[in-house]
Amino acid sequence: MKFIYQTLESEHYIFNFLEDSFAAEHIEEIILIQEQAFKKITSFFKIDVSFKIVYYLLETPEQVGVAFGDNEACNGFAEEPNIIYAVYSKRIKCIGPHEDAHIISYLLNKPTSAFAREGLAMYFDEYWWNKTNTIWVKEFLKAGNYVKIEELIDDKNFFEHNDAITYPISGAFTKFLVDTYGREKYTEFYRLKVDIRNAITKTYGKSIEQLEFDFLNHLDKF
């Protein structure tokens, strides 16, 4: 399958989208959303990005798989150094800061832990299916679906669980770290090219278990 794209550039992006698609109808709105996301992420890290992020907006997860080249259906995927494939349709709108956060933050470091990488992206998303990450975690705790962070920092465990659970937990925990200890401290943690457990201890002076205890107590305030 070969896709024929229309292309439109903005200050920090190059958007490729299919003719007469839903994305084509809403491209100006998409540009506004992504430029705002770009500003939010780069301001957080105080980083300059020398390249434009290239988006390929498709209509189905299957098309994303074909466009990326592995044929695995996916709503959105970031390919280093600067390419993002994403579904934009009436039902699925995989835009916003998530994939951009991956691309931009990798200029600082690419942590080996998926929990850290996805936690950062979900921190910028703030919401998962119209509820904040924090609200989701409180619901997981109430329903008995919560998975301990000590377990999720292991990639094997992270990917064995449903991302509808792992992503909000990682995002809520990231928000807790940023809100409690500040943006600069979090950036220091994210930059460390060591195992996440060591990065946590070195940056925050506490173990994963201690920080998770503090995190769960923090949730009671909401």
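Of note:
- Applied to the range 41-58, the Karplus parametrisation 6.51 cos²θ - 1.76 cosθ + 1.60 on θ = phi - 60° returns per-residue 3J(HN,Hα) values of 6, 5, 5, 4, 8, 6, 10, 9, 10, 8, 10, 8, 7, 9, 9, 10, 9, 10 Hz, with x for Gly and Pro.
- Over the chain, dividing the summed -39,500 (n - 2.57) contributions of all DSSP H runs of at least 4 residues by the number of residues returns a 222 nm mean residue ellipticity of -16000 deg cm²/dmol.
- Cleavage-rule hits (GluC sites (Glu not before Pro)) in the range 33-121: DSSP loop, at most 12 neighbouring Cβ within 10 angstrom: 72
- The angle between the Cα long axis of helix 133-143 and the main principal axis of the chain comes to about 60°, on a 0 to 90 degree scale.
- Distance violations [Cα-Cα > 24 Å] among 156/221; 142/221; 93/131: 156/221
- Comparing 174, 203, 166 in a Gaussian network model of the chain where C-alpha atoms under 10 Å apart are linked, the largest mean-square fluctuation is found at 203.
- With the simple spin-label model, which puts each label point 7 Å out from Cα in the Cβ direction, the residue 197 to residue 141 separation comes to 2.4 nm.
- Nonlocal amide H pairs with residue 89, under 5 Å, H built at 1.01 Å: 94
- Each Lys and Arg Cβ is given +1 and each Asp and Glu Cβ -1; about its Cα centre, the range 127-169 then shows a dipole of about 300 debye.
- 3J(HN,Hα) along the range 170-182: 5, x, 5, 5, 4, 4, 4, 4, 5, 5, 7, 10, x Hz, from the Karplus curve 6.51 cos²θ - 1.76 cosθ + 1.60 with θ = phi - 60°, whole Hz, x for Gly and Pro.
- Computed log10 I(q)/I(0) for the chain at 0.11, 0.12, 0.13, 0.16 Å⁻¹: -0.56, -0.67, -0.78, -1.12, from the Debye equation with unit scatterers placed on every C-alpha and solvent omitted.
- Excluding same-chain neighbours fewer than eight residues apart, the aspartates and glutamates reachable from residue 202 by a Cα-Cα span under 12 Å are 188.
- Comparing Cα centroids, the range 185-222 and the range 1-49 end up 33 angstrom apart.
- Between helix 208-219 and the chain: long-axis angle, C-alpha atoms, 0 to 90°, nearest 10: 80 degrees
- Along each principal axis, Cα extent of the range 5-105, largest first, Å: 36, 28, 21
- Two numbers describe the Cα atoms of the range 114-219: Rg and Dmax, which are 12.6, 36 Å.
- In units of the compact-protein estimate 2.2 N^0.38 Å, the range 48-95 shows a Cα radius of gyration of 1.14.
- When the P(r) is computed for the range 75-144, the part past 20 Å accounts for 36% of the Cα-Cα pairs.
Every read-out reported here was derived from the displayed coordinates using simple, explicitly stated rules and does not represent laboratory data. Because the structure is predicted, anything quoted here is derived from the model rather than measured. Every residue, glycine as well, gets a Cβ built from its backbone with ideal geometry; the counts of neighbours run over all protein chains shown.
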